[in-house]
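Peer 1: I'd like to ask some things about the structure below.
The values are calculated or read from the model by the stated rules, or taken from the named source; none is laboratory data. Everything numeric here is computed off the predicted structure, so don't read it as measured data. When we count neighbours, we look across all protein chains shown, and the Cβ atoms used for this are built from the backbone with ideal geometry, even at glycine.
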Amino acid sequence: MQYLKRDCEIDFYTGTGKGGQHRNKHANCVRIRHLSTGIIVTAAEQRSQSMNLKTAWERLAVRLKQYSYKKPKRIPTKTTWSAKERTHQVKAKVAEKKKFRSKVSKDEW
């Protein structure tokens with residue numbers, strides 16, 4: 001957590017909305033800017049600065065976890081012989097069914 005605090009810039013500002021004088025005159029809202037990644041999170045739901053700060057740290061942790069996620073490398077695989085055979089059989093069956101949908105010529109009567 002100390003390393004994270006060292007890489008961040010914390011700003012407190014006054015909020016707007018319900019909460020009255022306590023909310024409008026005191027700097028209760030928190031904005032945390034992570035300098036190395038450029039991620040910015042804010043928290044302004046609570047009337048308490050400490051609660052907003054806690055919420056902002058939690059949000060930053062989630063965002064950094066999402067930021068650092070790397071998709072696992074896909075290992076390409078080949079289709080097995082039996083799977084190819086099944087596909088071929090299904091396609092042949094469908095082709096046979098579609099063959100009967102065509103118009104019949106007079107020679108075939």
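Peer 1: Can you run down the residue pairs with Cβ atoms below 6 Å, 6 or more apart or on separate chains, where the first is in the range 1-16 and at pLDDT 85 or above and the partner is hydroxyl-bearing (Ser, Thr, Tyr) and not in a strand (DSSP E or B)?
Peer 2: ASP7/SER36
Peer 1: Moving on to the next point. Which one is farthest from CYS8 (Cα to Cα), of the residues in the range 59-85 that are within 27 Å of the chain's Cα centre (by Cα), among the basic types (Lys, Arg) and in a loop (DSSP other than H, G, I, E, B)?
Peer 2: Looking at the filtered set, the residue picked out is ARG74.
Peer 1: If I go through the range 17-36 residue by residue, how many of them are in contact (Cβ under 8 Å) with a residue 24 or more places away in the chain and surrounded by 14 or more Cβ atoms within 10 Å (Cβ to Cβ)?
Peer 2: 8
Peer 1: How many residues does the range 30-88 contain that are of a type in the set (A, V, I, L, M), under 15 Å from LYS5 (Cβ atoms) and touching a helix residue (DSSP H, G or I) at 6+ places or on another chain (Cβ under 9 Å)?
Peer 2: Initially, the range 30-88 is screened for residues of a type in the set (A, V, I, L, M), giving 30, 32, 35, 39-41, 43-44, 51, 53, 56, 60-62, 64, 75, 83.
So of that shortlist, the ones also under 15 Å from LYS5 (Cβ atoms) come out as 30, 32, 35, 39, 41, 53, 56, 60-61, 64.
Going one step further and asking which of them are touching a helix residue (DSSP H, G or I) at 6+ places or on another chain (Cβ under 9 Å), we end up with 30, 32, 39, 41, 60-61, 64.
Residues meeting the conditions: 7.
Peer 1: Could you grab me the full set of residues in the range 63-84 that are surrounded by fewer than 10 Cβ atoms within 10 Å (Cβ to Cβ) and not polar (S, T, N, Q)?
Peer 2: Within the range 63-84, LYS65, TYR69, LYS70, LYS71, PRO72, LYS73, ARG74, ILE75, PRO76, LYS78, TRP81 qualify.
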